[in-house]
């Protein structure tokens, strides 16, 4: 420990000066960071912050403190809210539109930042948003290149309230302290299999892009539904990342999956994502397999499923509602006088099944509605 840090550890006045200097330089100070820098426990830093707040020198916020001149409970009209997402793919554009449509979102300044699924980029974006004066941040954390403990440590550094979206973090007790809003991917998968089973399919294949946060929940939902509906075994295949080549591994994997299903007598499948489901339909048509007459397809995701060669029945995530609820939840915490005392909110939204042509439901309905011919003698 440096002499200055040792002095700060001994003298409250020196610790107070350190905290105020950090706020002057950076706009905010974090309890965890200050405790580490000064070699004291976090309880000591929190007590220092309380003392300085009583003296009017700073203002407490979630996880740290900011300048006393900064409004701690901003009105929506002057608030800045960060929206940190992996990118513009999947249903995240709908999340942004939902955030903008929230009564709070229409009046605050929303700042979008992309992470490209990289945790190092995410951490820089979070820091920049704090420096820009964000009073709260909505984030879909990257889990691809880091562990849950690393994520916990990163989020603990944030001095403003956070709402986590579209991530299954139920198994992490440290992350349970945060508000989160997400799609119930398990239930969405169950809906898809129930729909296909109701159309008479007793064997349903699954092809999914494993390198996505939704994949584990889709697998879980598939297993639950298959067991409850007593479905017979069917091919389950992971799909590689699309490389955009003329003969890329995605096409080969989709063709192999389709052929495995047909060889096993399977005539229906759930495919994640809707891009992959759309491509599967095209491959099927190239092979002379009619959709849905010979093979029924349901997509998991609904970004452009309706525009497929055969419009895809799809598990449609409630992206707009995710965005709206995330903003509303964030502002409820921002505006409360004691945000740390407000219980965390964990909200799951069930997706709906958009029924189109690829599953055969419309064709079956047409057959059922066709009048029966009656011959009289």
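Within the stretch 283-299, does at least one residue satisfy the condition of being crowded, with 19+ Cβ neighbours inside 10 Å and under 19 Å from the mean Cα position of the chain (by Cα)? Scanning the stretch 283-299 turns up at least one residue that is crowded, with 19+ Cβ neighbours inside 10 Å and under 19 Å from the mean Cα position of the chain (by Cα).
For the stretch 184-220, enumerate the residues that are on the phi < 0 side of the Ramachandran plot, in a loop (DSSP other than H, G, I, E, B) and out of contact with any strand residue (DSSP E or B) (no Cβ under 8 Å at 6 or more places or on another chain). Across the stretch 184-220, the qualifying residues are 202, 211, 213.
For every residue, the table says whether it meets (1) at pLDDT below 90; (2) assigned to a helix (DSSP H, G or I); (3) farther than 15 Å from residue 343 by Cβ.
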residue	(1), (2), (3)
150	no, yes, yes
153	no, yes, yes
164	no, no, yes
171	yes, no, yes
176	no, yes, no
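Out of all the residues in the stretch 324-337, is one or more out of contact with any strand residue (DSSP E or B) (no Cβ under 9 Å at 6 or more places or on another chain), surrounded by 16 or more Cβ atoms within 10 Å (Cβ to Cβ), part of a helix (DSSP H, G or I) and assigned by TED's automatic domain parsing to the domain that holds residue 263? Checking the stretch 324-337: not a single residue is out of contact with any strand residue (DSSP E or B) (no Cβ under 9 Å at 6 or more places or on another chain), surrounded by 16 or more Cβ atoms within 10 Å (Cβ to Cβ), part of a helix (DSSP H, G or I) and assigned by TED's automatic domain parsing to the domain that holds residue 263. Against the list (1) in the same structural domain as residue 84 (by TED's automatic domain parsing); (2) more than 30 Å from residue 25 (Cβ to Cβ); (3) surrounded by fewer than 16 Cβ atoms within 10 Å (Cβ to Cβ), the condition residue 200 fails is (1). Exactly one residue out of 4, 90 is more than 24 Å from residue 335 (Cα to Cα), at pLDDT below 80 and surrounded by 15 or more Cβ atoms within 10 Å (Cβ to Cβ): that is 90.
Considering only residues in the stretch 239-265 that are touching a helix residue (DSSP H, G or I) at 6+ places or on another chain (Cβ under 8 Å) and outside any helix (DSSP H, G or I), the one that is surrounded by the most Cβ atoms within 10 Å (Cβ to Cβ) turns out to be 239. Filtering the stretch 125-150 to residues that are closer than 20 Å to residue 26 by Cα and out of contact with any strand residue (DSSP E or B) (no Cβ under 9 Å at 6 or more places or on another chain) leaves only 127.
In the condition set (1) crowded, with 21+ Cβ neighbours inside 10 Å; (2) touching a helix residue (DSSP H, G or I) at 6+ places or on another chain (Cβ under 7 Å); (3) over 30 Å from residue 274 (Cα atoms), residue 156 is compliant with all but (1).
The values are calculated or read from the model by the stated rules, or taken from the named source; none is laboratory data. From a predicted model like this one, the values you see are computed outputs, not experimental measurements. When we count neighbours, we look across all protein chains shown, and the Cβ atoms used for this are built from the backbone with ideal geometry, even at glycine.
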